[in-house]
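Engineer: Below: one structure in structure tokens.
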Amino acid sequence: QPGVLHKFKETLFSTLSSEELLNSLDSFHAREDDVFLVSYPKSGKVYFNHISSLLCFNGCQENIPNAEITLTSPIELGDVSKFEELKMCCKRRVIPTHLSYNMLPVDIKQKQCKIIYIVRNPKDTAVSLFHYYRDNPNLPGVETWAAFLELFLKGNVVYGSWFDHILSWEDHKNDKNILFIFYEEMKKDLSKSIKKITTFLGINVSESEINHIAWKSSFKEMKNNAAKENCDPHKTICALTSNKNLVFRKGAVGDWINYFTSKQKRVFDELFTEKMKHSELMITIWYFDEM
Ligand code: A3P
């Protein structure tokens, strides 16, 4: 479909993010208690957001019992009226985004707001994004997996190159206000990941609440609930669709093996090794890739 993506500063964005909004990101006023949930598309954002909202509503933050929190729509979704809308929010804001570090509004960096970055192994991310391109009317159509993989490797996909995205964030991995969380770790031991998040956010949640949240966040439970929900385009937490049903596909680690030919794997691994050669995250991601 023509016109579903547009280029802004060399990166492809959905037309759901207006050029004016992207141009005015640096005029965004952050609050010191804002929390940002950052990811490259298809890394498990909805999974993670769901956990965060359950945590925020169940827990008490920094010893402020029953402090109220709102999970807003993504900062880059919509037009310039976005910042007015966010300004109206009188509760503590939890704001999702797919922006790279370079594009993140400068005030968020200056105020050192808490940021959680979610990483998923790039082969599964590519397969997941391939299906999203096929199923989501807000993304261009794509004929074959081979054609899509080529676009992915060149970074000619929505939000640009996976490599550039993660590398832009990795430079800030050790900043005290930034936490990295892995999709694969969440799948393996969700309660453990939840504990990391609560410690980072300063939220007190009991062991039994954590286990309950982990149960409510299983793929099956979330998929079933999404099927029952009505879509409200004003309440979307995803920058590319308000239809949550499009998000729950397989929810597995290692599904890439069903798509990559051995040649495609070799080409991918060569590029991965080259692009990630200075990355400390490379080993962890590599390990999750082979799991
Ligand atoms: P798959 O397409 O591999 O199934 P995002 O939310 O960033 O768009 O990411 C979507 C991916 O997260 C999809 O991957 C989706 O199935 C997976 N996902 C969503 N909820 C999940 C859950 N509760 N457990 C595991 N994976 C989940």
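The values are calculated or read from the model by the stated rules, or taken from the named source; none is laboratory data. All of these numbers come straight from a predicted model, not from anything done at the bench. Because the Cβ atoms are built from the backbone with ideal geometry, glycine has one as well, and the counts that use them run over all protein chains shown. Heavy atoms of the whole protein, side chains included, go into the accessibility calculation; ligands, DNA and RNA do not. Shrake-Rupley method; radii C 1.70, N 1.55, O 1.52, S 1.80 Å.
Engineer: Given the condition of a type outside the set (D, E, K, R), away from the ligand (no atom under 11 Å from the Cβ), over 18 Å from Val127 (Cα atoms) and at pLDDT 90 or above, answer yes or no: does some residue in segment 250-262 qualify?
Structural biologist: no
Engineer: Right, another one. The conditions are (1) of a type in the set (A, V, I, L, M); (2) under 14 Å from the mean Cα position of the chain (by Cα); (3) open to solvent by 10 Å² or more (accessible area, probe 1.4 Å), and Ile116 fails exactly one of them. Which is it?
Structural biologist: (3)
Engineer: Going residue by residue through segment 279-288, is there one that turns out to be touching a helix residue (DSSP H, G or I) at 6+ places or on another chain (Cβ under 8 Å) and within 10 Å of the ligand (Cβ to nearest atom)?
Structural biologist: no
Engineer: Do we find that Glu221 is assigned to a helix (DSSP H, G or I), within 16 Å of the ligand (Cβ to nearest atom) and more than 25 Å from Tyr133 (Cβ to Cβ) in this structure?
Structural biologist: yes
Engineer: List the residue pairs whose Cβ atoms are under 6 Å apart, where the first residue sits in segment 83-103 and is over 25 Å from Val119 (Cα atoms), the second is among the aromatic types (Phe, Trp, Tyr) and open to solvent by less than 30 Å² (accessible area, probe 1.4 Å), and the two are 6 or more positions apart or on different chains.
Structural biologist: From residues that are over 25 Å from Val119 (Cα atoms), the pairs are Phe83/Phe28.
Engineer: Looking for something open to solvent by 70 Å² or more (accessible area, probe 1.4 Å), part of a helix (DSSP H, G or I), at pLDDT 85 or above and not aromatic (Phe, Trp, Tyr) - is there at least one such residue anywhere in segment 224-243?
Structural biologist: For segment 224-243, residues open to solvent by 70 Å² or more (accessible area, probe 1.4 Å), part of a helix (DSSP H, G or I), at pLDDT 85 or above and not aromatic (Phe, Trp, Tyr): present.
Engineer: Being within 11 Å of the ligand (Cβ to nearest atom) and in a helix (DSSP H, G or I), is that true of even one residue in segment 195-209?
Structural biologist: No, that holds for no residue.
Engineer: Of the numbered conditions (1) part of a helix (DSSP H, G or I); (2) touching a residue at least 12 places away in the same chain (Cβ under 8 Å); (3) touching a Phe, Trp or Tyr at 6+ places or on another chain (Cβ under 8 Å); (4) over 30 Å from Ala146 (Cβ atoms), His172 satisfies every one except a single condition; which is it?
Structural biologist: (1)
Engineer: Another question, then. Of all residues in segment 252-271, how many are surrounded by 14 or more Cβ atoms within 10 Å (Cβ to Cβ) and within 30 Å of Lys223 (Cβ to Cβ)?
Structural biologist: Within segment 252-271, residues that are surrounded by 14 or more Cβ atoms within 10 Å (Cβ to Cβ) and within 30 Å of Lys223 (Cβ to Cβ) number 9.
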